[in-house]
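Heads up: the structure comes next, in structure tokens.
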Amino acid sequence: MKRVVVGLSGGVDSSVAAYLLKEQGYEVIGLFMKNWHDDSVTISNECPWLEDSNDALLVAEKLGIPFQTVDLSEQYKEKIVDYMFHEYEQGRTPNPDVLCNREIKFDVFMKIALSLGADYVATGHYCRRGIIEENGKEIYQLLAGKDGNKDQSYFLCQLSQEQLAKALFPIGELTKPEVREIASQLDLITAEKKDSQGLCFIGKVRLPEFLQQKLQPKEGIIVEIPADAPIYSEEKPNFSSEEEAFAHEARRINYLQVPGKVVGKHQGAHYFTKGQRKGLNVGGTKEALFVIETDVDKNIIYTGQGNNHPGLFKKALFIKNDEVHWIREDLALKVGEKMGVMARIRYRQPLQKATLHQFETGMYVVFNEPQSAITEGQFVAWHKDDEILGSGVIT
């Protein structure tokens with residue numbers, strides 16, 4: 001009997017994952033990760049970890065599997081929360097869920113599971129693992145979940161071959177309604193429980209308040225850039241190489257040189273992100289204002305009217321070499337190579353046609369169509385059919 005440690009989160013997905021593994025004949029152990037008890041960073045009172053751990057315990061009792069709680073709050077603070085603050089401070093927008101999977105669930109948590117003699121770690125993610133053989137060597141694939149509505153493979157886009165070798169995703173072949181139906185039939189306490197919103201294992205966070213605990217408010221101006229600003233219709237220079245042309249497409253526009261008008265004030269450019277519409281508190285414009293750029297050094301937010309404002313769109317993005325991550329290491333590009341892929345720059349975005357170009361300095365992802373709100377610090381993931389081949393942090 002192979003031993004599997006399931007990350008029981010107190011939700012319906014991991015509950016059913018544990019049940020399915022038991023049915024398949026594995027020896028199953030339930031482990032709840034406690035990732036938060038830092039009162040210096042107050043979070044809205046809906047921090048449900050106590051209730052969640054209690055639900056996880058009741059599910060384990062019902063399924064007749066051993067259960068314990070592990071406290072990973074120290075590692076979580078260091079690897080996720082501190083990183084988040086640092087990224088926001090630099091004017092970037094991190095994705096804590098992707099990081100949590102790479103650094104906590106499939107690293108710190110996985111090591112604990114393996115120390116308990118586990119052969120595998122399982123989670124309630126809607127994704128699938130494939131195994132193919134090449135030259136006598138097993139290669140692991142990360143595949144989209146069967147439920148297109150719930151597919152969570154994007155959040156696992158930073159996993160490695162070593163991590164996938166030890167990972168199981170029991171509900172990847174099911175849809176959410178099927179998972180709820182199984183939980184109902186088993187009369188599990190989590191059957192009707194709402195999906196958790198917010199930070200991986202922390203619960204609901206109102207981001208500006210969360211950030212204000214560590215990043216001090218600092219009043220600055222909100223500038224509106226007109227859609228017909230000359231910068232958007234300038235003729236492109238002649239480039240001596242493809243790399244130069246892509247760099248031009250991916251560049252940040254220096255709005256200090258662009259005439260705009262001051263339309264309001266804000267409490268800190270580091271609280272805002274590209275494409276954001278809420279929280280600007282500026283009225284009197286014909287269309288809603290969207291953040292098109294933030295400048296944390298000068299503490300200025302640049303905005304434009306409407307979600308079709310040209311300042312929101314770019315055709316290319318850049319990933320530094322040390323941030324390029326291939327799940328399929330066997331397909332990694334060498335300098336000078338390119339590859340046609342489908343890519344997305346955020347969870348739930350429909351996949352977009354793009355080409356990867358690998359240069360000495362890093363990789364450009366060049367889209368067929370301009371993309372809205374490409375945001376530094378977020379992850380771009382690239383696919384062939386329903387397999388994620390790799391990902392990278394947008395620079």
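Taken together, the values in this text are just the output of simple stated rules run on the coordinates, not laboratory data. Bear in mind the structure is a predicted one, so any value in this text is a computation, not a measurement. Note: ideal-geometry Cβ built from the backbone for every residue, glycine included; neighbour counts use all protein chains shown.
Taking 19 Å as the straight-line reach from the Cα of Lys315, the lysines in range (excluding those fewer than 8 positions away in the same chain) are Lys236, Lys274, Lys338, Lys353. Candidate cross-link partners of Lys22 among the lysines, defined by an alpha-carbon separation under 21 Å and a same-chain spacing of 8 or more, comprise Lys2, Lys62, Lys105, Lys166, Lys176. Annotation: amide H of Gly264 within the under-5 Å range of Ile222, sequence separation 5 or more or interchain, hydrogens built in the peptide plane. In order along the range 158-169, the phi-based Karplus estimate (6.51 cos²θ - 1.76 cosθ + 1.60, θ = phi - 60°) of 3J(HN,Hα) comes to 9, 6, 9, 4, 4, 6, 5, 4, 9, 9, 10, 10 Hz; Gly and Pro are listed as x. Which entry is the computed Cα Rg over 2.2 N^0.38 Å for this structure: (1) 1.06; (2) 1.36; (3) 0.98? Among (1) 1.06; (2) 1.36; (3) 0.98, the one calculated here is (1).
Counting beta carbons within 10 Å around each of Asp107, Asp82 and listing the fewest first gives the order Asp82, Asp107. Taking Cα atoms only, the orientation of helix 176-185 departs from the longest principal axis of the chain by about 30 degrees.
Can you sort Asp228, Asp386 so the residue with the fewest Cβ neighbours within 10 Å comes first?
Working: Asp228 8, Asp386 19.
In increasing order of surrounding Cβ atoms, one gets Asp228, Asp386.
Listed from fewest to most Cβ neighbours within 10 Å, the set Glu133, Glu293 follows the order Glu133, Glu293.
The Glu89 and Leu50 beta-carbon pair, evaluated with R₀ = 45 Å, returns a calculated FRET efficiency of approximately 0.90.
For Leu389, the residues 5 or more places off, or on other chains, whose built amide H falls under 5 Å of its own are Trp382, His383, Lys384.
Restricting to the chain, compute how many DSSP beta bridges are antiparallel as a %, nearest 5. Numbers along the way, then the final one.
Values: 52 of 71 bridges.
Here the antiparallel bridges make up roughly 75 percent for the chain.
Helix 12-23 and the longest principal axis of the Cα set of the chain meet at an angle near 40°. By definition, a body whose alpha carbon gyration tensor gives a ≥ b ≥ c is oblate when a/c is 1.5 or more and a/b is not larger than b/c, and the range 26-179 fits this oblate description.
Taking the Cα centroid of the range 248-313 and of the range 332-395, what is the distance between the two, rounded to the nearest whole Å? That distance is 25 Å.
Taking a ≥ b ≥ c as the square roots of the Cα gyration tensor eigenvalues, with a/c under 1.5 meaning rounded and otherwise prolate when a/b beats b/c, else oblate, which class fits the range 209-270? Don't skip to the end; give the middle numbers.
On the way: a/c = 4.58, a/b = 1.78, b/c = 2.58.
Taking the square roots of the gyration eigenvalues as a ≥ b ≥ c, the range 209-270 is oblate.
In straight-distance terms, cross-link reach from Lys137 covers every one of the aspartates and glutamates whose alpha-carbon lies under 18 Å from its own, apart from those fewer than eight places away in the same chain; here that gives Glu162, Glu329, Asp330.
When the chain is treated as a GNM with alpha-carbon contacts under 10 Å, the residue of Pro259, Pro94, Pro370 showing the greatest mean-square fluctuation is Pro259. Residues whose amide H comes within less than 5 Å of that of Gln141, counting only those at least five positions distant or on another chain, are Gly130, Ile131, Ile132 (H built at 1.01 Å from N in the peptide plane). Counting Lys and Arg as +1 and Asp and Glu as -1 over every other residue whose Cβ lies under 12 Å from the Cβ of Thr190, the net charge comes to -3.
Divide by every residue of the chain the summed helix terms, -39500 (n - 2.57) for each DSSP H run of at least 4, and state the resulting mean residue ellipticity at 222 nm, rounded to the nearest 500 deg cm²/dmol.
Helix-only estimate at 222 nm: -5500 deg cm²/dmol.
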